[in-house]
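K.L.:
Let me give you the structure first, and then I'll get to my questions.
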């Protein structure tokens, strides 16, 4: 596709603005580790919330949603919509605990919560496992989307896309650290949302589609528009609703949807200026992530069914694209080729914005693990702040090289999404319980991580050669959850518990609620230290449920408005209002930013 001078001007202007923001932030970025990787811990809630939304607005997400809709319909998105429960649990239970911990990375938490050499091993191993291996797989998925977009929209080869986008993103990330990432994310999110909405409007009015009303009446599209799966079809209901809501949301681990918070979400919470800012930031993230963003992508996906009814039609339209990567997710960039000059430049800039915001976040986050949790912890404990920043910058370059190489081996967004889900299957409950049950220890986490990874690798590479009956994705996920959970539960009770003094320090500092710490609080009380938690888990769970109905009803309301289903719209709006009122009434009992006192000495 040939871009006009207007398109090029828009794209160049986008790069100038983002680079300028990075240069502005660079004046402070190199001063210290906290400034480079946590923005000094002084960011406001709305900037952090928008930054998290921009990060999950990755260039691969529209492709993923398109692939899901074309295969399973709109209701197929419940495979990731169910993670809202995970996110809201983080908002109302864990966000303030993370901010209260005072750690620099979520991996530093391990040596706050656990004791001995196993805690140090767990911290160092996960710094490499998550920061390099897992992080590179996630980034490779985003780069794969860039390869498909670049191939369709500008005819670039995979190597060209990796080299050009990788170089630009690394330079931008090196400049401003996390502060630069957050500031640029806010600008990029506006560009990305405008581009997504504009693209949806244009493709709906293509002659082949004939407007949104005609789109909904198309024979192949009608069967794809339901917001809920057919409850009489267990083959659809089990993987799309039952498994995600009964098992997946609390048992799985996925970047950005970690039970109990973690990864770059924890990094943003730790960068907040207060517990209140950490809570509001994650709430804004969850609401925008699930209720605001999906519909423009869904509309384009539905329109693609009319224009490109099968993979063969995509291949015919783009004969120069490698047949190995012609999957349903390629339909999204294929639809963008119909955009007019000017708007095409804006949409390409929006996709570049989505790409850069995600990659820059993962680069900065992964580099923080390498610099803080591996290099400073195990290689050079006396490293200066400037040395840590330098190591982080070198790690940024290395991570980009690894991710680019991995991207060249992938074929579809759904493929790596499934791999990531399977790797984390069965570990989620550990990350929930470790804050509220003293018996969880470092051996628990090591076992969960090792067993879930081994099962994922077996299903990926070993099971197909066993001759056993084929298992679909949800059966593999459930198997992984059961085996992994049983394994780490057994190890938890058979292994030595965390040192009591470490547990006492943790309770005194974090002030977690719940009965799981009763024995520790009693020991502290016997020694004259009375810990006031100030947190109500019950209130947090009530707020979580109210917010769940609020966000889902907002998501449904938008859909029913587009579908012009007025009765359903009235019902969903009523639920939305009632849920908002319930959340408003519950909010005071959360006691966010309550007494700063960790304990009372008597």
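We did not get these values from a lab; they are worked out from the coordinates using the rules stated. Computed from a predicted model, the values in this text were never measured in an experiment. Ideal geometry is used to build each Cβ from the backbone, glycine not excepted, and the neighbour counts take in all protein chains shown.
K.L.:
Can you pull the Rg over Rh of the stretch 63-175, Cα-only, Kirkwood?
P.N.:
Expressed as Rg/Rh, it is 1.08.
K.L.:
Using 0.36 nm times the number of residues separating residue 378 and residue 6, minus their current alpha carbon distance, what extension gain do you get?
P.N.:
128.7 nm
K.L.:
Multiply the residue separation of residue 437 and residue 581 by 0.36 nm, subtract the distance between their alpha-carbon atoms, and state the gained length in nm to one decimal.
P.N.:
That pair, residue 437 and residue 581, stretches by 48.6 nm at full extension.
K.L.:
Give me Rg over Rh for the chain, both radii from the alpha carbons and Rh done the Kirkwood way, two decimal places.
P.N.:
Radius of gyration relative to Kirkwood radius: 0.96.
K.L.:
Determine by what factor the alpha-carbon radius of gyration of the stretch 193-232 differs from 2.2 N^0.38 Å, reporting the quotient.
P.N.:
In units of the 2.2 N^0.38 Å rule of thumb, it is 1.41.
K.L.:
Moving to a separate point now. Quick check on the exposure proxy: order 280, 3, 122 from fewest to most C-beta atoms within 10 angstrom.
P.N.:
3, 280, 122
K.L.:
Using label points projected 7 Å from each Cα along Cα→Cβ, tell me how many nm separate residue 466 and residue 561, to one decimal.
P.N.:
About 4.9 nm separates the two model spin labels.
K.L.:
As I understand it, the value is the acute angle between the Cα axis of helix 566-586 and the longest principal axis of the Cα atoms of the chain; what does it come to in degrees, rounded to 10?
P.N.:
Computed tilt is about 20 degrees.
K.L.:
Binning every alpha carbon pair distance of the stretch 425-497 at 5 Å from zero, what are the percents per bin?
P.N.:
The calculated distribution, bin by bin, is 3, 17, 25, 21, 13, 9, 7, 3, 1.
K.L.:
Related question: Grab every C-alpha pair in the stretch 477-573, bin the distances at 5 angstrom width from 0 up to the longest one, and report whole percents.
P.N.:
Over the stretch 477-573, the share of Cα pairs per 5 Å bin runs 2, 10, 12, 10, 9, 13, 12, 9, 7, 7, 5, 3, 1, 0 percent.
K.L.:
Multiplying the sequence separation of residue 401 and residue 589 by 0.36 nm and subtracting their Cα-Cα distance, what value in nm do you get?
P.N.:
62.9 nm
K.L.:
With everything on Cα atoms, drop me the angle between helix 116-128 and the longest principal axis of the chain, reported from 0 to 90° to the nearest 10.
P.N.:
20
K.L.:
Would you mind ranking 147, 12 by Cβ crowding within 10 Å, fewest neighbours first?
P.N.:
12, 147
K.L.:
Kindly state, to the nearest 0.05, the FRET efficiency for residue 217 paired with residue 117, given R0 = 41 Å and r defined as their beta-carbon distance.
P.N.:
Calculated transfer efficiency: 0.05.
K.L.:
So what's the angle, to the nearest 10 degrees on a 0 to 90 scale, between helix 473-494 and the longest Cα principal axis of the chain?
P.N.:
10
K.L.:
If each DSSP helix of 4+ residues adds -39,500 (n - 2.57) and the sum is divided by the residues in the chain, what number results at 222 nm, nearest 500 deg cm²/dmol?
P.N.:
Calculated at 222 nm, the ellipticity per residue is -21000 deg cm²/dmol.
K.L.:
Could you tell me the calculated FRET efficiency between residue 494 and residue 316, based on Cβ-Cβ distance and R0 = 60 angstrom, to the nearest 0.05?
P.N.:
With R0 = 60 Å, the Cβ-Cβ based efficiency is 0.50.
K.L.:
Continuing with this model, one more query. In what sequence, highest mean first, do 298-304, 489-495 appear when ranked by Cβ atoms within 10 angstrom?
P.N.:
My ranking of the peptides, most packed first, is 298-304, 489-495.
K.L.:
Counting only Cα atoms, I'd like the Rg/Rh figure for the stretch 463-528, Kirkwood definition for Rh.
P.N.:
Answer for the stretch 463-528: 1.28.
K.L.:
In what order do 375, 463 fall by count of nearby beta-carbon atoms within 10 Å, going from fewest to most?
P.N.:
In increasing order of surrounding Cβ atoms, one gets 463, 375.
K.L.:
Rounded, prolate or oblate: which fits the stretch 1-102 when a ≥ b ≥ c are the square roots of the eigenvalues of the alpha-carbon gyration tensor, with rounded for a/c under 1.5 and prolate only if a/b beats b/c?
P.N.:
Because a/c hits 1.5 or more and a/b fails to exceed b/c, the stretch 1-102 counts as oblate.
K.L.:
Could you state the principal axis extents of the C-alpha atoms in the stretch 136-222, from the largest down, to the nearest angstrom?
P.N.:
That works out to 49, 30, 23 Å along the principal axes.
K.L.:
Expressed as a whole percent, how much of the Cα-Cα distance distribution for the stretch 346-399 exceeds 15 Å?
P.N.:
In whole percent, the share of Cα-Cα pairs in the stretch 346-399 beyond 15 Å is 51.
K.L.:
Related question: Please report the projected area of the stretch 213-319's Cα convex hull averaged over all directions, in nm².
P.N.:
Approximately 10.4 nm², given one-decimal rounding.
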